[in-house]
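One structure is given below, encoded as structure tokens.
The values are calculated or read from the model by the stated rules, or taken from the named source; none is laboratory data. Being a predicted model, the structure only gives us computed values, none of them experimental. Here the Cβ positions follow ideal geometry from the backbone for every residue, glycine too, while neighbour counts run over all protein chains shown.
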Ligand SMILES: [Zn+2]
Ligand SMILES: [Zn+2]
């Protein structure tokens with residue numbers, strides 16, 4: 001039987017993390033789009049970039065889309081294979097959510113797991129942001145008060 005993945009193993013298409021403009025956390029909006037919670041700057045993951053390009057340039061090849069977006073051709077081909085870019089209505093082939101195993105029409109995870117994955121990512125990024133803001137100081141202080149016992 002195929003082993004399911006957990007959230008930490010899920011490898012998404014280079015999800016944007018912190019805002020390049022202000023360092024804010026990028027919040028998932030759906031369809032490969034993320035918005036900075038502070039300055040509202042928009043970023044896309046690989047899927048979002050390719051999707052936007054393909055929507056505006058119908059009939060492009062994977063090579064053209066790769067040149068224009070900077071996303072690897074291999075990644076684009078995987079997206080096409082997974083029919084993440086084009087959902088075939090009435091198709092009898094189903095994909096499985098990599099996390100919970102539920103049947104899905106397109107993509108790699110079901111919408112529920114996608115939302116949950118991004119929620120966890122955003123939580124982690126908020127924690128990282130706090131640490132970067134200098135909360136690490138208190139921690140060092142705590143450690144200093146600890147008694148060091150040496151093993152001999
Ligand atoms: Zn920002
Ligand atoms: Zn799922």
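Numbers for the structure displayed
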read-out: Residue in the stretch 45-56 that is surrounded by fewer than 16 Cβ atoms within 10 Å (Cβ to Cβ), more than 19 Å from residue 115 (Cα to Cα), away from ligand 1 (no atom under 16 Å from the Cβ) and more than 14 Å from the chain's Cα centre (by Cα) present; value: yes
read-out: Among the candidates 112, 74, 49, residue that is modelled with pLDDT of 80 or more, assigned to a helix (DSSP H, G or I), within 29 Å of residue 24 (Cβ to Cβ) and more than 16 Å from ligand 2 (Cβ to nearest atom); value: 49
read-out: Residue selected from the stretch 4-37 under the condition in contact (Cβ under 8 Å) with a residue 40 or more places away in the chain and assigned to a strand (DSSP E or B), by the criterion surrounded by the fewest Cβ atoms within 10 Å (Cβ to Cβ); value: 18
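Per-residue answers, yes or no, for (1) within 16 Å of ligand 1 (Cβ to nearest atom); (2) modelled with pLDDT of 95 or more; (3) over 24 Å from residue 7 (Cα atoms):
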residue: 62; (1), (2), (3): no, no, yes
residue: 79; (1), (2), (3): no, no, no
residue: 86; (1), (2), (3): no, no, yes
residue: 92; (1), (2), (3): no, no, yes
residue: 97; (1), (2), (3): no, no, no
residue: 120; (1), (2), (3): no, yes, no
